């Protein structure tokens with residue numbers, strides 16, 4: 001009964017602590033486990049820039065643009 005009434009709290013607990021076993025009359029009947037997080041993948045900006053500009057970039061770099069937009073600080 002507790003799992004039915006407190007599911008949100010149990011899900012938060014699983015997020016923090018990991019696996020949680022649900023029992024009925026002290027016998028395990030189910031397991032709540034967190035989903036595996038997919039690895040963080042960044043786009044290949046260098047390949048994209050090469051595809052767009054063909055490796056011959058003529059503009060300013062991002063650091064130069066930031067310095068210009070911030071002014072002389």
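Between residue 40 and residue 20, what FRET efficiency comes out of the Förster formula 1/(1 + (r/R0)^6) with R0 = 35 Å and r the beta carbon distance, rounded to 0.05?
Efficiency computed from Cβ-Cβ geometry: 0.85.
If N is the number of residues in the chain, what value comes out of its Cα radius of gyration divided by 2.2 N^0.38 Å?
2.29
What 222 nm value per residue comes from the helices of the chain, counting each DSSP H run with n ≥ 4 as -39,500 (n - 2.57) and dividing by all residues, nearest 500 deg cm²/dmol?
Helix-only estimate at 222 nm: -12500 deg cm²/dmol.
So for the pair residue 13, residue 67, with labels modelled 7 Å out along Cα→Cβ, what separation do we get in nm?
My value for the distance between the label points is 5.6 nm.
All of the numbers you see were taken from the coordinates with simple rules; none came from a lab. It should be emphasised that the depicted structure is a prediction, and the values quoted were computed from it without experimental measurement. We place every Cβ from the backbone using ideal geometry, glycine too, and count neighbours over all the protein chains shown.
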